[in-house]
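Trainee: Please read through the structure below; I'll follow up with questions.
The values are calculated or read from the model by the stated rules, or taken from the named source; none is laboratory data. These figures come from a predicted structure and were not determined experimentally. Positions of Cβ are backbone-derived with ideal geometry, glycine not excepted, and every protein chain shown enters the neighbour counts. For the accessible areas, the whole protein counts, side chains as well, though only heavy atoms, and no ligand, DNA or RNA atoms are used. Shrake-Rupley method; radii C 1.70, N 1.55, O 1.52, S 1.80 Å.
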Amino acid sequence: MTIRCVSFNPAIDQTVTLERLVPGEVVRALAVRHDAGGKGLNVASCLADAGQTVELHGLLGRDNAAIFEQLFAAKGIADRLQRVTGATRTNVKLLETGGRTTDVNLPGFTAAAADAEAVFDGLAEAGAGELVVISGSQPAGLAADTSARLAAALAGRGARVVADLSGAALDAVLALPPGALPHAVKPNRAELEAWAGRRFDERAALVDAARALVARGIALVVVSLGTDGAAFVSAEGALQAAPPRLATGSTVGAGDAMVAGIASALADGLALDALARRATAFAAGKLGREGAHLPPAAELDALAAAVRPQPLDVWAAAPGSRT
Ligand SMILES: O=P(O)(O)OC[C@H]1O[C@](O)(CO)[C@@H](O)[C@@H]1O
């Protein structure tokens, strides 16, 4: 099966490594690197590493497309991105040697409604049962509900949408009527709190919010929890799983790797426990790697075998209620 990924707002991730970030002072960087990035692109990149046939849809600025095109050629990702006038944004990741990352995401090209329509048209062939992953922010110029409208159109044709959105785009997709909702969503805790309009001071509150979304008609709700891994909730059950070991280095793109693991597991029809293992293994496999790349299959399989999912209610009842 071909998995289609959508990235309305890709990015060149400029990772600047420095000893310590001191606001207001001159800081000399130790290293700098540039990676083609952005959420939908990172998902496609990880899926390609895992051997999946993948197409990338969305938008790309004409002025600095080369770094992206090199990645697509190297990984065999089918490039279905609409070219738009201007440059794709650069997102600065300030990575301190202690492991902390500060993200400064810059604006890039401005898109027109017609650009989004061209993306919709490019996805017209995605039909019943097919998987489409819609991730990341939208560029200036697009209506806040663009991703939600695309998700609804795809769901209307029976495609399974996996949505990793935040802010107004997440609000719009979660406000869709039951038949138009995505098959799966993967907010992180802060994104789910922003949508709910309150902090989840107790783990149980987060679990209730995830279960409520499943009750509304989303088949799979995954809430990423940083070092606590993620909560996986579906009609089949509710689990929490964390990486077997935590690597140091940039965490940028670990959530995207998890989304790739979810999509890959859905493509293979895995049950919830195996899906949680694979998604967690993909995220753990990406950690410690520069850019959105996964280790070889044998390492991913070993990581998945070492993941120990536990009932979500056990995690929710454990002390240290806020992760
Ligand atoms: O689309 P957003 O939400 O601005 O996020 C983009 C950033 O997120 C990442 O995809 C990591 O999740 C980076 O590669 C990119 O810079």
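Trainee: Of all residues being of a type in the set (V, I, T) and under 23 Å from the mean Cα position of the chain (by Cα) in region 85-97, which is farthest from the ligand (Cβ to nearest atom)? Just the residue, please.
Mentor: The first filter runs over region 85-97 and keeps only residues of a type in the set (V, I, T), leaving 85, 88, 90, 92, 97.
Still in the list and also under 23 Å from the mean Cα position of the chain (by Cα): 88, 90, 92.
Details: T88: 11, T90: 9, V92: 9 Å.
My answer is T88.
Trainee: Sort out which residues of region 280-310 are more than 15 Å from the ligand (Cβ to nearest atom), open to solvent by less than 30 Å² (accessible area, probe 1.4 Å) and of a type in the set (G, A, S), and write them in order of number.
Mentor: Answer for region 280-310, where residues must be more than 15 Å from the ligand (Cβ to nearest atom), open to solvent by less than 30 Å² (accessible area, probe 1.4 Å) and of a type in the set (G, A, S): A281, A284, G285, A304.
Trainee: Somewhere in region 54-75, is a residue within 12 Å of the ligand (Cβ to nearest atom) and small (G, A, S)?
Mentor: Checked against the condition, which is being within 12 Å of the ligand (Cβ to nearest atom) and small (G, A, S), region 54-75 yields at least one hit.
Trainee: So is Q52 within 20 Å of H293 (Cβ to Cβ) and open to solvent by 60 Å² or more (accessible area, probe 1.4 Å) or not?
Mentor: no
Trainee: Among all residue pairs at least 6 apart or on different chains, which show Cβ distances below 7 Å where the first residue, located in region 101-123, is within 23 Å of R4 (Cα to Cα) and assigned to a helix (DSSP H, G or I) and the second is among the small types (G, A, S) and away from the ligand (no atom under 12 Å from the Cβ)?
Mentor: Listed by first residue and then by second, the contacts come to F120/A153.
Trainee: Residue under question is A316, and the condition is that it be assigned to a helix (DSSP H, G or I), more than 14 Å from G261 (Cα to Cα) and open to solvent by less than 50 Å² (accessible area, probe 1.4 Å); does it hold?
Mentor: Yes; evaluated as a whole, the condition is true for this residue.
Trainee: When G127 is evaluated against the numbered criteria (1) under 19 Å from the mean Cα position of the chain (by Cα); (2) open to solvent by less than 60 Å² (accessible area, probe 1.4 Å), which criterion, by number, is the only one it fails?
Mentor: Condition not satisfied by G127: (1).
Trainee: Consider only pairs whose beta carbons are under 6 Å apart and that are at least six residues apart or on different chains; among these, list those whose first residue lies in region 158-187 and is within 17 Å of A44 (Cα to Cα) and whose second residue is in a loop (DSSP other than H, G, I, E, B).
Mentor: Short answer, once both residue conditions are applied: R160/H183; V161/P182; V161/H183; A163/P182; D164/K186; V185/I218.
Trainee: Residues being in contact (Cβ under 8 Å) with a residue 40 or more places away in the chain and open to solvent by 10 Å² or more (accessible area, probe 1.4 Å): count how many of those fall in region 64-73.
Mentor: Residues that pass the stated criteria total 2.
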